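The block underneath contains the structure these notes are about, expressed in structure tokens.
The values are calculated or read from the model by the stated rules, or taken from the named source; none is laboratory data. What you see is a predicted model, and the numbers here were worked out from it, not measured in a lab. Neighbour counts are summed over all protein chains in view; Cβ atoms, including those assigned to glycine, are modelled from backbone coordinates with ideal geometry.
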Amino acid sequence: MNRHDLSALLGSRICHDLVSPVGAISNGLDLLAEIVPAGLEEEMSLIKQSSDRATDLLKFYRIAFGAADGESTIGCSSFRDQASAVVESGKTQWQWSGLDEGDMPRTVARLLAVMVLCARSATQLGGNVIVVRSGGDTLGVAAESDRLSLSEAQSTLMDGGTPAEEVAARDVEFSLLMPWAEEAGLRLQNSRGANGMRIEARRL
């Protein structure tokens, strides 16, 4: 078992064990909303939003960082909904294409998930992102921003290289691009400039 397999199993275990209790908190808050004393509605709403956000993150992170095999699949529309719940906030505008119907292998979904997270990281100061799935397992994520946030370490990891400095937690999705593409049997290509980047994955 290599280190990426072990990390993926650990990610699956953590997300699996946490999603149920966090979901239960959210359900409990729904029940409490019916009897909450007057004047506390805003506070209850904030707690509920945070609980729902935690549930969404755990579900999507399980796809992105958890274990996957070529036999299992995930519905494209389900993937889009879970991804949207996590990344569609802030100043970035997201467009989704080719994710309305059908299924894709879990290994492919896992790669697309980290591609989406890379785009979210690069456009954290605002921008536009287009996520495309076409021709079966052909994937593309294009991000544009006047203030693209992409470090030298992240650029190096996108190219499959080893950064000069130690990889930080904020770089984890970039470090998984190449390993997850290899496991999905896809070839990665990327390009980037001052105001944009593009990541593509195609069948070998």
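The condition of being surrounded by 20 or more Cβ atoms within 10 Å (Cβ to Cβ), closer than 23 Å to Val129 by Cα and in contact with a Ser or Thr (Cβ under 6 Å, 6 or more places away or on another chain) holds for only one of Leu157, Leu176, Leu186, that being Leu157. Taken together, the residues in region 31-73 that are surrounded by fewer than 16 Cβ atoms within 10 Å (Cβ to Cβ), under 29 Å from the mean Cα position of the chain (by Cα) and charged (D, E, K, R) amount to 4. The numbered conditions (1) part of a helix (DSSP H, G or I); (2) assigned by TED's automatic domain parsing to the domain that holds Val132 are all true for Ser12 except (2).
Restricting region 14-29 to residues that are more than 17 Å from the chain's Cα centre (by Cα) and surrounded by 13 or more Cβ atoms within 10 Å (Cβ to Cβ) leaves a set whose member that is farthest from Arg80 (Cα to Cα) is Leu29.
Of the listed requirements (1) among the hydroxyl-bearing types (Ser, Thr, Tyr); (2) surrounded by fewer than 20 Cβ atoms within 10 Å (Cβ to Cβ); (3) more than 26 Å from Cys15 (Cβ to Cβ), Ser77 misses just one: (3). Of the residues contained in region 26-48, none is found to be free of Cβ contacts under 8 Å to residues at least 12 places away in the same chain, hydrophobic (A, V, I, L, M, F, W, C) and within 28 Å of Phe174 (Cα to Cα).
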